[in-house]
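Enquirer: This structure is in structure tokens; I'll ask about it shortly.
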Amino acid sequence: MSKIVYTLTDEAPALATRSFLPIVEAFTKTANIEVVTKDISLAGRIIANFPEFLKEEQRITDDLAVLGEMAKTPDANIIKLPNISASIPQLKEAIEELREKGYPVPLYPDEPSTEQERNIKARYDKIKGSAVNPVLREGNSDRRAPKPIKNYAKKNPHKMGPWSPDSKTHVATMSAGDFKANEKSITLPEDTVLAIEFINDQGQRSLLKGDILVKSGEIIDASVLSKNALLSFLKDQVADAKKKGVLFSVHLKATMMKVSDPIIFGHVMEVYFSNVFTKYGETFGKIGISANNGLESLLEKIQKLPEEERKAIEGDIMQSIEEGPQLAMVNSDKGITNLHVPSDVIIDASMPAMIRTSGKMYDHNGALQDTKAVIPDSSYAGIYRATIEFCKKHGAFDPRTMGTVPNVGLMAQKAEEYGSHDKTFEIKGQGVVRVVDTYTKKVLIEHQVEDGDIWRMCQVKDLPVQDWISLAVSRARATQTPAIFWLDKDRAHDRELIKKVEQYLPREDTTGLDIQILSPDEATRATLIRLKEGKDTISVSGNVLRDYLTDLFPILEVGTSAKMLSIVPLMKGGGLFETGAGGSAPKHVEQFLEEGHLRWDSLGEFLALAVSLDFYSQKNSNPEAHVLAEALDAATEDFLSNNRSPSRKVGELDTRGSHFYLALYWAQALASQTENAKLKATFENIFQQLKENTPAILKELEDAQGKQQHIGGYYKPDAALLEEAMRPSDSFNKVLKELR
Ligand SMILES: NC(=O)C1=CN([C@@H]2O[C@H](COP(=O)(O)OP(=O)(O)OC[C@H]3O[C@@H](n4cnc5c(N)ncnc54)[C@H](OP(=O)(O)O)[C@@H]3O)[C@@H](O)[C@H]2O)C=CC1
Ligand SMILES: O=C(O)CCC(=O)C(=O)O
Ligand SMILES: [Mg+2]
């Protein structure tokens with residue numbers, strides 16, 4: 001019999017799990033459902049990957065690899081919480097913490113010089129960045145705000161900052177020399193093996209990557225971002241932000257695009273702090289400073305220098321900030337700028353948050369200001385530009401009346417850019433990069449490159465594309481909603497995809513459906529007009545737009561993407577249920593540690609669990625699981641209508657209290673259903689007890705707030721301390737124990 005697999009992750013969701021999972025385990029046990037956990041936290045993944053450095057009792061299995069295999073089986077039923085996609089600074093912090101805890105995992109070798117170091121770095125590079133989702137996502141993505149969530153937002157609209165036509169906020173993106181401009185793409189007629197090679201101006205050939213297995217019908221594309229074009233673009237933008245008196249901010253996806261985007265981030269650092277890097281470049285080289293890791297890491301590393309030198313550098317950094325355009329801040333109280341850590345500002349969440357806030361970001365005084373949002377590559381920047389222009393013209397959206405934009409995203413099997421990191425290279429020297437068919441020796445794609453350019457190749461397989469088209473049609477049919485494929489006939493890769501849509505769409509029954517293909521810019525405008533009028537439109541997009549759109553629209557419509565239903569129907573028949581569409585909210589952990597108040601909203605998890613239980617019921621012919629699922633959905637509606645989401649303020653209901661209410665309503669729904677007498681009897685008793693004990697439980701939960709929390713670690717907290725912190729109500733724990 002299959003099981004429900006629950007993932008243990010990082011930061012706020014991992015804290016929340018310690019409170020919610022015991023409830024899930026207790027409730028599902030009544031239907032004989034086995035819930036097992038798998039550790040895919042950053043710390044867990046590091047430990048699992050370096051067994052030879054550890055004592056026998058410290059070693060753990062590589063749960064991510066286990067889940068990756070499971071995702072390719074029909075029995076998979078995985079509930080996936082958000083996890084950290086670690087930047088280098090985060091990875092190093094986690095390594096440091098583990099070593100302090102007595103796990104002698106190796107240090108991250110920035111510049112490996114031996115074979116062993118190269119091997120260690122390669123292993124860490126697999127753990128770095130977005131290393132989990134691409135492994136589990138063996139299916140395409142279906143993300144939407146369910147009806148009750150939309151209805152709740154209509155009745156209880158979140159705050160939306162007004163937009164003025166005079167706003168100076170704008171998107172700046174490259175007009176030449178970027179990935180979009182240089183993209184070339186082909187569809188392969190048969191299975192073959194490709195190689196990527198670089199031939200420099202002296203005619204020397206080096207293999208960048210060989211043995212790339214490709215299948216018939218697979219689309220490959222390759223492109224290059226010119227370093228020189230990027231630098232001149234960035235210089236112009238720094239000057240222009242200063243001239244216009246707007247904040248300077250850069251929005252990248254350094255986590256998922258883990259090879260290209262940290263390099264681009266580094267160039268932004270070097271341009272913004274050009275005086276500093278020119279003056280101290282040599283010193284920085286000696287002490288191993290890489291601009292790619294951000295200002296915070298730079299400031300830490302210069303602590304090693306003699307005081308006088310350190311102070312001089314710090315002074316010059318301050319001077320650059322004072323003389324340059326003001327930087328947008330991540331945390332103005334703590335002086336953390338947009339350039340401190342490459343993973344602090346992540347485009348999918350950061351751009352919508354800015355749009356929700358009247359197009360403004362924080363300056364160093366904590367005041368909101370108009371902003372230049374620098375998104376160097378123009379492939380997808382246009383959707384934000386179009387949205388900003390729309391808001392300037394029509395004002396902010398109104399959550400009470402706006403429609404909804406569900407997404408069907410092409411994602412399976414490391415599709416498109418998000419699967420490109422093993423084929424992305426910072427080019428050393430001048431010459432050409434070629435993609436070669438190793439059987440026919442034919443050069444399939446070729447680019448002229450210069451030193452420092454970033455070249456990459458992406459792939460998307462044919463079966464995932466077919467599955468994506470079917471999923472789009474089935475969602476359009478199920479909801480009778482128009483669907484737009486966001487594909488640009490002026491982009492090489494999209495042209496290949498359009499051919500497939502034109503080939504496979506006629507195989508589907510589309511009678512009565514409204515399905516169009518529009519470029520992302522046109523699709524944005526068409527969708528926004530409908531959205532404003534209260535009409536719904538399905539966006540059918542590639543992988544990057546899937547990511548961007550499933551934060552953009554939810555954040556505008558319901559305030560956060562945490563409330564999204566996010567299903568991945570796995571291509572082999574299993575189910576992967578992601579909890580919400582957002583991340584792991586590091587800011588929430590900070591508040592919890594300081595004030596004992598956790599504001600993480602688990603709505604996405606409630607929605608995911610209900611679908612997972614229903615799926616379990618079908619797979620295992622277990623009708624009780626279905627009863628649990630229906631009752632959970634009913635409980636989620638009660639939860640919403642009674643406003644039981646965690647508040648942002650200490651002393652008010654937090655995540656733990658919100659979980660108590662969910663349990664209360666879930667028990668109530670089970671007690672009042674009539675489909676299953678055994679569950680009814682069990683939960684009549686449990687509901688009664690929870691109800692009677694409500695004041696005591698709430699008091700115990702409230703008493704746990706208002707003080708600093710000590711959980712014995714950030715990346716690998718202590719299990720017992722966590723349990724104590726996240727389950728502080730004895731009265732609640734006692735009732736749950738009766739079920740277990
Ligand atoms: N599926 C996954 O595994 C994903 C992982 N990530 C990873 O998460 C980390 C943080 O990424 P970041 O870009 O900061 O994005 P997050 O989505 O974690 O955070 C952005 C903001 O969204 C709000 N938010 C997000 N989730 C919730 C929730 N459940 N309840 C309430 N509010 C929520 C919070 O706003 P406020 O602070 O105002 O309360 C939060 O600060 C990174 O390591 C990133 O790579 C990111 C996206 C998806
Ligand atoms: O895997 C990641 O790094 C982030 C994923 C993400 O943002 C998403 O799927 O929406
Ligand atoms: Mg995202």
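Nothing in this text is a laboratory measurement; each read-out follows from the coordinates by a stated rule. These numbers come from a predicted model, not from an experiment. So basically every Cβ, Gly included, is an ideal-geometry build from the backbone, and we count neighbours across all protein chains shown.
Enquirer: For LYS244, go through the lysines and keep the ones whose alpha-carbon is under 17 Å away, minus same-chain ones fewer than eight residues off.
Expert: LYS168, LYS235, LYS360, LYS372
Enquirer: Moving on. So how much slack lies between GLU590 and SER621, counting 0.36 nm per residue of separation and subtracting their Cα-Cα distance, in nm? Provide the component values of the computation, followed by the final result.
Expert: Values: separation 31, 0.36 × 31 = 11.16 nm, distance 4.36 nm.
Between GLU590 and SER621, full extension yields an extra 6.8 nm.
Enquirer: How would you rank MET411, MET70, going from fewest to most other Cβ atoms within 10 Å of each one's own Cβ?
Expert: MET70, MET411
Enquirer: In whole angstrom, how far apart do the alpha carbon centroids of region 444-458 and region 166-217 sit?
Expert: 6
Enquirer: Taking the alpha-carbon centroid of each part, what is the distance from region 688-740 to region 336-410 in angstrom?
Expert: Using only Cα atoms, the two centres lie 37 Å from each other.
Enquirer: Which angle from 0 to 90°, rounded to the nearest 10, does the C-alpha axis of helix 586-595 make with the longest principal axis of the chain?
Expert: 50
Enquirer: Taking 0.36 nm per residue of separation and subtracting the Cα-Cα distance, what length does fully extending ARG507 through LYS159 add?
Expert: Once the chain is fully extended between ARG507 and LYS159, it gains 120.9 nm.
Enquirer: Quote the relative contact order of the chain in percent (integer), defining contacts as alpha-carbon pairs under 8 Å separated by 6+ residues.
Expert: Value for the chain: 19 percent.
Enquirer: Then there is this: Can you tell me the FRET efficiency between GLU684 and ALA478 if r is taken as the Cβ-Cβ distance and R0 is 35 Å, rounded to the nearest 0.05?
Expert: Values: r = 35 Å, r/R0 = 1.01.
Using R0 = 35 Å, I get an efficiency of 0.50.
Enquirer: While we're here: Bin width 20 Å, alpha-carbon pairs only: give the P(r) of the chain as whole percents, running from 0 to the bin holding the largest distance.
Expert: 16, 51, 30, 3, 0
Enquirer: Would you work out the relative contact order for region 435-559, in percent, from Cα pairs under 8 angstrom that are 6 or more residues apart?
Expert: Once normalised by length, the contact order is 25 percent.
Enquirer: Return ARG727, ARG137 ranked ascending by Cβ neighbour count within 10 Å, so the fewest neighbours appear first.
Expert: Details: ARG727 19, ARG137 26.
Ranked by crowding around the Cβ, least crowded first: ARG727, ARG137.
Enquirer: Set the Förster distance to 25 Å, then compute FRET efficiency between GLU296 and ALA367 from the Cβ-Cβ distance, nearest 0.05.
Expert: The calculated FRET efficiency here is 0.65.
Enquirer: How charged is the neighbourhood of PRO482? Take every other residue with its Cβ under 13 Å from the Cβ of PRO482, and add Lys/Arg as +1 and Asp/Glu as -1.
Expert: Net of charged neighbours comes to +1.
Enquirer: Okay, next question. For region 287-308 and region 98-114, what is the centre-to-centre distance using only Cα atoms, to the nearest Å?
Expert: Centre-to-centre (Cα) distance: 19 Å.
Enquirer: Let me ask something else about it. So how tilted is helix 260-272 from the main axis of the chain? Cα-based, degrees 0 to 90, rounded to 10.
Expert: Its long axis makes an angle of about 60 degrees.
Enquirer: Relative to the first principal axis of the alpha-carbon coordinates of the chain, what is the inclination of helix 274-286, with its axis defined by its Cα atoms, in degrees from 0 to 90 and to the nearest 10?
Expert: Roughly 80 degrees, rounded to the nearest 10.
Enquirer: For LYS180, LYS428, LYS227, which order do you get if you count the other beta carbons within 10 Å of each Cβ and list the fewest first?
Expert: Least to most surrounded, the residues fall as LYS428, LYS227, LYS180.
Enquirer: Give me the distance in nm between label points sitting 7 Å out from Cα along the Cα-to-Cβ direction at ARG99 and ASN228, one decimal.
Expert: Distance between the two pseudo-spin positions: 4.2 nm.
Enquirer: Can you compute the label reach from GLU426? Point 7 Å from Cα along the Cβ direction, backbone N cut-off under 20 Å, restricted to region 247-261.
Expert: Counting only backbone N, you get 250-261.
Enquirer: So which lysines can LYS461 reach, going by Cα to Cα under 21 Å and dropping same-chain residues fewer than 8 places off?
Expert: Partners within reach: LYS72, LYS180, LYS184, LYS209, LYS215, LYS414, LYS423, LYS442, LYS489, LYS499, LYS500, LYS572.
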